[in-house]
There are 4 protein chains.
Amino acid sequence: MPSQNSPIKVGILGATGTVGQRFIQLLAVHPYFTIHALGASSRSAGHEYSKIVKWKLGTEIPEHVKGMVVQECRPDANGFAECGVVFSGLDHDVAGEIEFAFRAAELVVFSNAKNYRRDPVVPLMVPLVNPSHLSVVNHQRTTLSPPTKKGYIVTNANCSTTGLVVPLYALEKAFGPLETVMVTTMQAISGAGYPGVSSLDIMDNVVPYIGSEEEKIEWETSKILGGVTSDGQGFDLHASDPIKISASCNRVPVIDGHTGCVSVKFKRHPPPSPEQVIQAFKDFRCEAQDLGVPSAPKRAIVYLDAPDRPQPRLDRDLENGACVSVGRVRPCPVLDVKFVCLIDNVRLGAATSSIMNAEIAVERGYIEA
Amino acid sequence: MPSQNSPIKVGILGATGTVGQRFIQLLAVHPYFTIHALGASSRSAGHEYSKIVKWKLGTEIPEHVKGMVVQECRPDANGFAECGVVFSGLDHDVAGEIEFAFRAAELVVFSNAKNYRRDPVVPLMVPLVNPSHLSVVNHQRTTLSPPTKKGYIVTNANCSTTGLVVPLYALEKAFGPLETVMVTTMQAISGAGYPGVSSLDIMDNVVPYIGSEEEKIEWETSKILGGVTSDGQGFDLHASDPIKISASCNRVPVIDGHTGCVSVKFKRHPPPSPEQVIQAFKDFRCEAQDLGVPSAPKRAIVYLDAPDRPQPRLDRDLENGACVSVGRVRPCPVLDVKFVCLIDNVRLGAATSSIMNAEIAVERGYIEA
Amino acid sequence: MPSQNSPIKVGILGATGTVGQRFIQLLAVHPYFTIHALGASSRSAGHEYSKIVKWKLGTEIPEHVKGMVVQECRPDANGFAECGVVFSGLDHDVAGEIEFAFRAAELVVFSNAKNYRRDPVVPLMVPLVNPSHLSVVNHQRTTLSPPTKKGYIVTNANCSTTGLVVPLYALEKAFGPLETVMVTTMQAISGAGYPGVSSLDIMDNVVPYIGSEEEKIEWETSKILGGVTSDGQGFDLHASDPIKISASCNRVPVIDGHTGCVSVKFKRHPPPSPEQVIQAFKDFRCEAQDLGVPSAPKRAIVYLDAPDRPQPRLDRDLENGACVSVGRVRPCPVLDVKFVCLIDNVRLGAATSSIMNAEIAVERGYIEA
Amino acid sequence: MPSQNSPIKVGILGATGTVGQRFIQLLAVHPYFTIHALGASSRSAGHEYSKIVKWKLGTEIPEHVKGMVVQECRPDANGFAECGVVFSGLDHDVAGEIEFAFRAAELVVFSNAKNYRRDPVVPLMVPLVNPSHLSVVNHQRTTLSPPTKKGYIVTNANCSTTGLVVPLYALEKAFGPLETVMVTTMQAISGAGYPGVSSLDIMDNVVPYIGSEEEKIEWETSKILGGVTSDGQGFDLHASDPIKISASCNRVPVIDGHTGCVSVKFKRHPPPSPEQVIQAFKDFRCEAQDLGVPSAPKRAIVYLDAPDRPQPRLDRDLENGACVSVGRVRPCPVLDVKFVCLIDNVRLGAATSSIMNAEIAVERGYIEA
């Protein structure tokens, strides 16, 4: 297994962006991934990282990254060939082609971009939910022309989807399939990247629209909560028990942390009581925890008993941003039960998910040490 | 009828509070209501208004109000006896007793407080929705001991309820009864009064809980959307077609303007299409408009076609804060249709509703000029 | 003189931008200026205004402007030739050439852009301070090649400079020249245009730097407070009594309204007392008021006695945004006196200044009715 | 010396307040201070800490503190007698009497309250500036009646004063006495405690007034930057070189971190150049660092070269909130040099200062292990 003495070199695509900066911040203190190559736009390529990044995090740029020379996002650029994993924080307008090229060059790509999420042979993987989907990369490789030996792509989910599916998975695990889910999100500005949301648009305001976000939640949830098909070549999309999902997405003046107000209806009659639901959240344990991968949180779901929690400013740092916090479980007069959930959209909602996904892949032998 | 030459004197209870200040701002330019008496706590009584108020509005204190001497909130305090209407912006912890005393003293009270909203003989009146409820005050007077000749109480609804029932009423008027309503609100800080929400609680944050707000929405909606019983002595609470309502309420860092994400299901099958719903919102007209009372908006509902509207900062001033703005009508994968609504919580959600209710009462002869 | 029956047609350059929108909002209700032509980038040209503008004001787009077809910013584009004045809200990167071309085409340009502010024959005019500078346009015309008959340019000052020079002018008028001025500004995000400041940069933050803003304040103040040279051909830059000025500029999370903390030292010994300074602010009257031009505020300076005023959210709407509000006059342990001033940066700090400047020019015969 | 195996028990007065919570957060991970007693109002006394605190920090309540029973703030309450130090985060309205009583009971009090700051025998100690003042506690004990053997009080400075005096001390150390200091502060809401600033007062706003804050900065600075009198019995208040100081204080919508815009004039002629000033900030080292006390930052001043730094949201966490960050050194057209400084007002500006002061006292033998 890898270790600090026997590390795995990693590359970061989109290293100067919001997600890229988080990758760097988190990987700089990782027990066995070591930052080896940074990719960004050709405008930045050739320059020292600290010279061209607009670093927006409250911690300093890791010392050994400051002087690294940024490369173009090409698999033949200096350093990528030696990488056991390449993390992608690229914008979707360029992610499609670049990630394709990296995979074709026999590189393993763990991506935060949306481009391949709906691809029928690419795992859409939330580390606290569906690590079993990883196995489909074996088939993925064979579908390419030419087939790859090592190269494949795994994506993580949209940030607000991730915050939703973790508690939904806990519920399905404890009580069987859900029939209906309604969610209204209140999403942080950091979800839109940098410069992202103009301050004139969001100060003293709510914007009740985030382009294509509702569709992402409504679609991705079924892929993630569903299983692998029996032939191991794809995903069943929860098809035998289709879930009706309705999402309403809002941008609010919060820096980090997406909050969701969720109501659910179970297939099971009678449904579990609110007390049983609370217990299920408190008891929830997932495979990433059992595997003990380095970024796995101690508690995948933190259930908060106070009547006014979770709150983004107070709870987004729980478990170093790697959990979903949940509170306010109570009866829903329309469906069965409603509750509030919160995710740190830039950590578990983005970079932390990619990294934990890769850690699971290492553990399972899908990434060579 | 009253006019600037033949005005109706009005009193304001809780004149130094957030709602009281709005009453003063709005009534200072009213065509026939003229501010005659100001009531506040005994600590403020005896002082000039401008000396003891912490005025928090962006307009100046009306010149003729500055020097008015504040009274205690007692019906025998100087000035109240001559008032044709007394508006109450009192806090609920004192509103119950004070409003009771004013009514007993043969004064007409239009209140923004919650105390009498569930009283079976007190109209819970949203001026753009249910002015017909006003007639029950005749019966209200007879139930008191001793019965009053003139004195009665009318309340307006909770601010977030008001923002919801206007579009719901438009839908019921056009398409018949609703079966199910789900709403998630994102409510402004001004709804909590002053000092109200601590800045440490709400900056860069969402608080997914507002005490008893969800219950208010879930209960008040049926009283408002329902009719008067056939004997004219009470309210039917929409009982023949009960509506299932589920509300989730959140405080967000917005100064004024409550936003709601709403999904509805109609009794009618098939339900109206989104296009028909949009048209119903655009065509909506209500009795307050037909009566032409001074505070009635030109458009009771302003439907906004842009995909990202309504937004509190941009739309709360539409129609001088006396309308509900609505947008984003689209199919709901779970219920029938979903949309976004916005209300200025301190105007139509509070002071403007009380004033417009009183204007309707003047027009209908329930207040003597 | 012009009137509603005999209006003056005006054009607006940069009509879709932040300042352009304010021009439209304010001019739509002007007693004698009537919006006749709108100029914007070639991308917008040819389209109806309401179709391409991202309208960001809390009032609706004026009805008759919605359908106006936007032109390119060329003097020969449809409509500009008939305009008695052209207002410019252009960005500085294009304002220089476009305004030059409009002037050469015999059009009168009142600009909010910075490009010509330091031009020795262009008035840098704050309507509440130095309307006498207007006379230099006569000489300006003769310096051009070829000289113009009608065309000239007048600029207004930087928004934060404007907020500073109005109280400084009141002090110099009452007590003679100032020797030293120190100012620290806390400036609103709207000063940076749209999209302008990213929300990730300013929420829960202060940015202690605004590019070249300190230099503008330090330089423009002397031109504005100085007089016209004796030959009438330029400006004396307050040269006989040079003022030492030091500015520190900060961006803060405020939507509209620039606040300044100012300390001043007078040449006069002993200096006026704080009480005398307060009286001078309260007594201040300026030429724009004497002329009675339509946009002149009733009070050019509003002095606020409360110890914690002015505040941007509460005071920026005073006098419809056309005044400077001042408070907290008190002794300065280092210089003589310190105080706080506030300007609505998008009205008196930008569009209102241009419009009031033009009104003065109409009154004085520099613009033909 | 104390250690984890041989710890010093500490008490915390005002344990439920904003500063008290920070004390708990910081002391819970301290190498040798161990939380032994918690004091709060009589309303809270007798209850478990986690039951009555409104915990407002983004980290969880330390596990072993949750169940601690809160005491009244009396020296004879359970636990205080065994404490080597008692930290006080009390409000000033009760701090005077309580701290007096604790000292009289032979307890050592390190206080964040303002009550004893101007006491001529109480050190006003900023750990990065004037640890030498500590020696005056010997004399302090003898002035009491009856004199104490062990008990004394040390206070730390006001949060905004602390952010100012650290860079001023660096300048005086490098270049000799200052003649003049002008500072405008932009202070965070957390400086006002909880509930503190109402959100209605500060959202989209600046409040240019903080009660008695300007006087604190103007007075405290001289005590801190001055020395101990030659007889060791008091403080010289920088009297031989009096500094003229003018402060203007503002509240801004920032959660944590006070920013200051500072201009200074040196006695020395010619003054140091901006480059020399920058170098002095970069080279600055203080006694707390030399002593190597646990809370001492690696860098007491972090000089930031970027033109737009320091910024509260990005830089308040530098050195775990225990340093002052400085930037934008440049010439001042009025005085000599101006710059921007930033302090984490709740850490170095409050709890961290008290703790580091106590660590220095341990190191110097003023607190018994």
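Details
- Region A:121-147, subset β-branched (Val, Ile, Thr) and touching a residue at least 12 places away in the same chain (Cβ under 8 Å), residue surrounded by the fewest Cβ atoms within 10 Å (Cβ to Cβ): A:Thr143
- In the set (1) under 30 Å from C:Tyr209 (Cα atoms); (2) over 11 Å from the mean Cα position of the chain (by Cα), C:Met125 fails one condition alone, (2).
- Count of region D:179-201 residues which are of a type outside the set (Val, Ile, Thr) and either away from chain C (no Cβ under 12 Å) or assigned to a strand (DSSP E or B) (or both): 11
- Residues of region B:87-106 that turn out to be touching a Cys at 6+ places or on another chain (Cβ under 9 Å) and open to solvent by 10 Å² or more (accessible area, probe 1.4 Å), as a count: 4
- Test: residue in region C:157-178 that is of a type outside the set (A, V, I, L, M) and within 14 Å of chain A (Cβ to nearest Cβ): no
- Single condition A:Ser273 does not satisfy, out of (1) open to solvent by 30 Å² or more (accessible area, probe 1.4 Å); (2) closer than 27 Å to B:Ile202 by Cα: (2)
- Of the residues making up region B:28-48, those that are of a type outside the set (Val, Ile, Thr) and in contact with a Leu (Cβ under 6 Å, 6 or more places away or on another chain) are B:Phe33, B:Gly39.
- Any strands (runs of 3 or more DSSP E) falling wholly within region D:1-108 and containing at least 2 residues that are in contact (Cβ under 8 Å) with a residue 60 or more places away in the chain and hydrophobic (A, V, I, L, M, F, W, C): D:8-13, D:85-88
- Within region C:221-233, residues that are surrounded by fewer than 18 Cβ atoms within 10 Å (Cβ to Cβ) and assigned to a loop (DSSP other than H, G, I, E, B) have Cβ atoms under 8 Å from residues that are at pLDDT 95 or above and of a type in the set (A, V, I, L, M) in these pairs: C:Gly232/C:Val136; C:Gln233/C:Val121; C:Gln233/C:Val136, counting only partners at least 6 apart in sequence or on another chain.
- In this structure, D:Lys216 qualifies as within 20 Å of the chain's Cα centre (by Cα), buried (at least 18 other Cβ atoms within 10 Å of the Cβ) and not in a loop (DSSP other than H, G, I, E, B).
Residue by residue, here is whether (1) touching a Ser or Thr at 6+ places or on another chain (Cβ under 8 Å); (2) within 19 Å of D:Phe100 (Cβ to Cβ); (3) open to solvent by less than 70 Å² (accessible area, probe 1.4 Å) holds:
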| site | (1), (2), (3) |
| --- | --- |
| D:His36 | no, no, yes |
| D:Lys56 | yes, no, yes |
| D:Glu60 | no, no, no |
| D:Ala77 | no, yes, yes |
| D:Ala81 | no, yes, no |
| D:Val85 | no, yes, yes |
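- Selection of region B:290-331 for residues being surrounded by fewer than 21 Cβ atoms within 10 Å (Cβ to Cβ) and under 26 Å from B:Ser273 (Cβ atoms) yields B:Arg299, B:Leu304, B:Asp305, B:Ala306, B:Pro307, B:Asp308, B:Arg309, B:Arg330, B:Pro331.
- Criterion violated by C:Val154 - all others in (1) part of a strand (DSSP E or B); (2) over 16 Å from the mean Cα position of the chain (by Cα) satisfied: (2)
- Checked against (1) more than 11 Å from chain D (Cβ to nearest Cβ); (2) surrounded by fewer than 18 Cβ atoms within 10 Å (Cβ to Cβ), C:Phe266 passes all but a single condition, namely (2).
- The residues of region D:274-323 that are over 24 Å from A:Ser50 (Cα atoms) and hydroxyl-bearing (Ser, Thr, Tyr) amount to a single one, D:Ser295.
- Neighbours by Cβ (under 6 Å, 6+ apart or cross-chain): first from region D:148-162, within 28 Å of D:Arg251 (Cα to Cα); second small (Gly, Ala, Ser): D:Thr155/D:Ser111; D:Asn156/D:Ser353; D:Asn156/D:Ser354; D:Cys159/D:Gly191; D:Cys159/D:Gly349; D:Cys159/D:Ala350; D:Thr162/D:Gly349
- Test: residue in region D:41-60 that is within 24 Å of the chain's Cα centre (by Cα) and farther than 22 Å from A:Leu318 by Cβ: yes
- Test: residue in region A:340-349 that is closer than 19 Å to A:Ala306 by Cβ and over 18 Å from the mean Cα position of the chain (by Cα): yes
- Some residue of region C:322-338 being more than 14 Å from chain D (Cβ to nearest Cβ), over 19 Å from C:Ser3 (Cα atoms) and small (Gly, Ala, Ser): yes
- Of everything in region D:15-34 that is farther than 14 Å from D:Cys83 by Cα and aliphatic (A, V, I, L, M), the residue that is surrounded by the fewest Cβ atoms within 10 Å (Cβ to Cβ) is D:Val29.
- Within region A:161-178, the set of residues being open to solvent by less than 10 Å² (accessible area, probe 1.4 Å) and part of a helix (DSSP H, G or I) comprises A:Thr161, A:Thr162, A:Gly163, A:Leu164, A:Val165, A:Val166, A:Pro167, A:Leu168, A:Ala170, A:Leu171.
- The sole residue among B:Pro333, B:Pro253, B:Pro271, B:Pro310 that is over 30 Å from B:Gly11 (Cα atoms), touching a residue at least 40 places away in the same chain (Cβ under 8 Å) and out of contact with any Pro (no Cβ under 9 Å at 6 or more places or on another chain) is B:Pro271.
- Given (1) in a helix (DSSP H, G or I); (2) among the polar types (S, T, N, Q); (3) touching a helix residue (DSSP H, G or I) at 6+ places or on another chain (Cβ under 7 Å), number of the condition A:Thr148 does not satisfy: (1)
- Residue match in region C:351-362 (condition: within 11 Å of chain D (Cβ to nearest Cβ), closer than 17 Å to C:Cys159 by Cα and either open to solvent by 40 Å² or more (accessible area, probe 1.4 Å) or modelled with pLDDT of 95 or more (or both)): no
The values are calculated or read from the model by the stated rules, or taken from the named source; none is laboratory data. Keep in mind it's a predicted model, so treat the numbers as computed, not measured. Every residue, glycine as well, gets a Cβ built from its backbone with ideal geometry; the counts of neighbours run over all protein chains shown. Note: areas computed on protein heavy atoms with side chains; ligands, DNA, RNA excluded. Shrake-Rupley method; radii C 1.70, N 1.55, O 1.52, S 1.80 Å.
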